[in-house]
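For reference, the structure discussed in these notes is given below.
The values are calculated or read from the model by the stated rules, or taken from the named source; none is laboratory data. Computed from a prediction, not measured in an experiment: that's the story for all the values here. Positions of Cβ are generated from backbone atoms using ideal geometry, with glycine treated the same way; all protein chains shown enter the neighbour counts. Ligands, DNA and RNA are excluded from the accessible area calculation, which covers all protein heavy atoms including side chains. Shrake-Rupley method; radii C 1.70, N 1.55, O 1.52, S 1.80 Å.
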Amino acid sequence: MNQKSFLLTLIAVAVLSVSCQQKSWVDQSIDTAGYQLTMLADEIADSAKLPRSIRNGAVRLEDLYDWTSGFFPGSLWYMYEFTGDESFKSKAQQFTNLLYNLKEYRGTHDLGFMVYCSYGNGFRLTGDTSYVPVMVQTADNLISRFHPVSGTIRSWDFGEWQYPVIIDNMMNLELLFWASEHTGDPKYKEVAVRHADITMQQHYRSDFSSYHVIDYDTITGGVRSKGTFQGYADESAWARGQAWGLYGYIVCYRFTQDEKYLDFARNIASFIMKSVDTNDRIPYWDYNAPDIPDAPRDASAAAITASALFELSTFVEDGGSYFSYAETILKNLSGEAYLAKKGENKGFVLMHSVGHLPANSEIDTPLNYADYYYLEALKRYKELAVAAN
Ligand code: GLY
């Protein structure tokens with residue numbers, strides 16, 4: 001063997017060994033997730049409710065109208081996609097079907113999360129056309145919350161605000177983009193684009209960090225206040241809010257190919273990547289939490305960010321830094337500090353997220369959406385690793 005062939009053989013062995021190592025930790029994580037979600041699904045098999053987190057040592061169950069209701073069925077759909085195992089499919093169908101009456105519901109902007117993560121994944125994976133009317137009707141209900149003067153979709157129907165819109169709402173646009181593509185009717189996409197454009201103007205500061213809640217004036221459409229509900233302070237950067245915005249603008253680019261959304265997403269990504277100063281890249285629940293480094297971490301924000309950055313890495317030529325950052329997050333979430341041991345954590349996959357710290361609710365706990373976006377990130381990572389080999 002000459003020197004050149006020897007070198008090539010060495011490189012091939014190195015690449016193969018890296019890809020085998022990747023396979024092992026990714027596949028082990030998927031295996032753990034499958035074990036956990038099966039345990040949780042079996043435990044609540046007779047319930048008409050869905051698991052959200054742990055409260056007082058027990059699984060916190062919520063009904064279909066809870067904003068997180070789509071994530072557990074969505075995670076089961078991802079497990080079906082990873083494994084092809086029919087038992088995951090039937091569990092995913094069972095828990096998706098619990099959400100059927102959401103098609104009549106207009107009481108929140110979270111309809112996108114609830115229906116796209118559950119029915120959306122089900123339709124994508126099975127092509128079951130009985131899912132489509134639920135999704136389209138939900139998209140109609142979501143755009144019924146659009147206010148043309150402010151140019152935004154109303155988020156919440158509670159509270160003191162006149163017309164609250166939260167950054168999380170960027171996540172509900174995916175259902176609308178899908179509905180326009182599927183039906184050929186542009187009305188859903190038009191609402192999504194208008195909402196995204198106004199949110200760009202009003203929710204973001206000059207450093208590309210985001211406010212959580214903007215209150216609009218229903219008569220003039222102007223801004224009444226900018227602040228927070230779940231973050232540390234009105235001027236702070238609530239970690240999950242930064243992740244929702246990043247993910248949302250990447251989705252906007254995916255569906256529109258409008259470069260302004262790509263540029264915006266890159267700016268948000270830069271803000272996140274320079275602000276999260278933890279070694280493992282799992283952020284504190286709020287970047288400005290006063291008790292850092294003792295503040296709780298938020299694995300959910302990390303999982304959402306990782307999933308978003310994997311997609312962003314595919315849209316740009318210099319996507320390597322996004323990929324590496326997301327890979328660091330994913331490896332750390334897959335380590336013993338965050339990934340549950342089989343049989344523990346009440347069947348949730350990840351530990352250590354924060355739901356609503358100022359309300360003293362869901363602090364340092366599993367959350368079903370941390371699990372959902374973690375599985376999505378694993379899926380995207382796997383697909384990118386396969387494409388690269
Ligand atoms: N959409 C609510 C949250 O992120 O907690």
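State all residues of region 99-123 that are hydroxyl-bearing (Ser, Thr, Tyr), open to solvent by less than 20 Å² (accessible area, probe 1.4 Å) and farther than 18 Å from SER144 by Cβ; if no residue qualifies, say none. First the steps, then the outcome.
Narrowing region 99-123 to residues hydroxyl-bearing (Ser, Thr, Tyr): 100, 105, 108, 116, 118-119.
Pick out the ones that are also open to solvent by less than 20 Å² (accessible area, probe 1.4 Å) and you get 108, 118-119.
Scanning region 99-123 gives SER118, TYR119.
For ARG240, the conditions (1) of a type in the set (D, E, K, R); (2) within 21 Å of the chain's Cα centre (by Cα); (3) open to solvent by less than 10 Å² (accessible area, probe 1.4 Å); (4) away from the ligand (no atom under 16 Å from the Cβ) all hold with the exception of (4). On the given criteria, is THR96 polar (S, T, N, Q), within 19 Å of the chain's Cα centre (by Cα) and not in a helix (DSSP H, G or I)? Taking the combined requirement at face value, the residue does not satisfy it.
Quick one: would you say VAL132 is hydrophobic (A, V, I, L, M, F, W, C), within 16 Å of the ligand (Cβ to nearest atom) and either closer than 18 Å to SER180 by Cβ or surrounded by fewer than 18 Cβ atoms within 10 Å (Cβ to Cβ) (or both)? Judged against the criteria, VAL132 is not a match. Residues in region 339-356 that are closer than 17 Å to ALA239 by Cα, part of a loop (DSSP other than H, G, I, E, B) and open to solvent by less than 20 Å² (accessible area, probe 1.4 Å): none.
Of all residues in region 210-222, those being out of contact with any Phe, Trp or Tyr (no Cβ under 6 Å at 6 or more places or on another chain) and either open to solvent by 40 Å² or more (accessible area, probe 1.4 Å) or part of a loop (DSSP other than H, G, I, E, B) (or both) number 6. Of all residues in region 152-191, those being under 25 Å from ALA239 (Cβ atoms) and in a helix (DSSP H, G or I) number 9. Determine whether region 137-151 contains at least one residue that is assigned to a loop (DSSP other than H, G, I, E, B) and open to solvent by 60 Å² or more (accessible area, probe 1.4 Å). Scanning region 137-151, I find at least one residue that is assigned to a loop (DSSP other than H, G, I, E, B) and open to solvent by 60 Å² or more (accessible area, probe 1.4 Å), so the answer is yes. Are there any pairs, at least 6 apart or on different chains, whose C-beta atoms fall under 9 Å, with the first in region 165-186 and touching a residue at least 12 places away in the same chain (Cβ under 8 Å) and more than 16 Å from the ligand (Cβ to nearest atom) and the second open to solvent by less than 10 Å² (accessible area, probe 1.4 Å) and β-branched (Val, Ile, Thr), and if so, which? Cβ pairs passing all conditions: LEU176/ILE153; PHE177/VAL251; ALA179/THR138.
Go over the candidates GLU362, GLU336 one by one and state the one that is among the charged types (D, E, K, R), more than 16 Å from the ligand (Cβ to nearest atom) and open to solvent by 10 Å² or more (accessible area, probe 1.4 Å). Give the derivation first.
Working: GLU362 fails: more than 16 Å from the ligand (Cβ to nearest atom).
Going through GLU362, GLU336 in turn, just one is among the charged types (D, E, K, R), more than 16 Å from the ligand (Cβ to nearest atom) and open to solvent by 10 Å² or more (accessible area, probe 1.4 Å): GLU336.
Which one of PHE113, PHE88 is assigned to a helix (DSSP H, G or I) and within 16 Å of the ligand (Cβ to nearest atom)?
On the way: PHE88 fails: within 16 Å of the ligand (Cβ to nearest atom).
Just one listed residue meets the conditions, PHE113.
Of the residues in region 236-269, how many are closer than 16 Å to ASP207 by Cα, touching a Ser or Thr at 6+ places or on another chain (Cβ under 7 Å) and of a type outside the set (S, T, N, Q)? Final tally of qualifying residues: 6.
If you go through region 62-98 and keep only what is surrounded by fewer than 16 Cβ atoms within 10 Å (Cβ to Cβ) and touching a strand residue (DSSP E or B) at 6+ places or on another chain (Cβ under 9 Å), you end up with just ASP63.
Taken over region 294-324, the criterion of being over 14 Å from the mean Cα position of the chain (by Cα), touching a residue at least 12 places away in the same chain (Cβ under 8 Å) and under 27 Å from SER53 (Cα atoms) is satisfied by PRO296, ARG297.
Taken over region 21-46, the criterion of being open to solvent by 30 Å² or more (accessible area, probe 1.4 Å) and in a loop (DSSP other than H, G, I, E, B) is satisfied by ALA45, ASP46.
Screening GLU259 against (1) away from the ligand (no atom under 14 Å from the Cβ); (2) acidic (Asp, Glu); (3) in contact (Cβ under 8 Å) with a residue 40 or more places away in the chain leaves a single unmet condition, (3).
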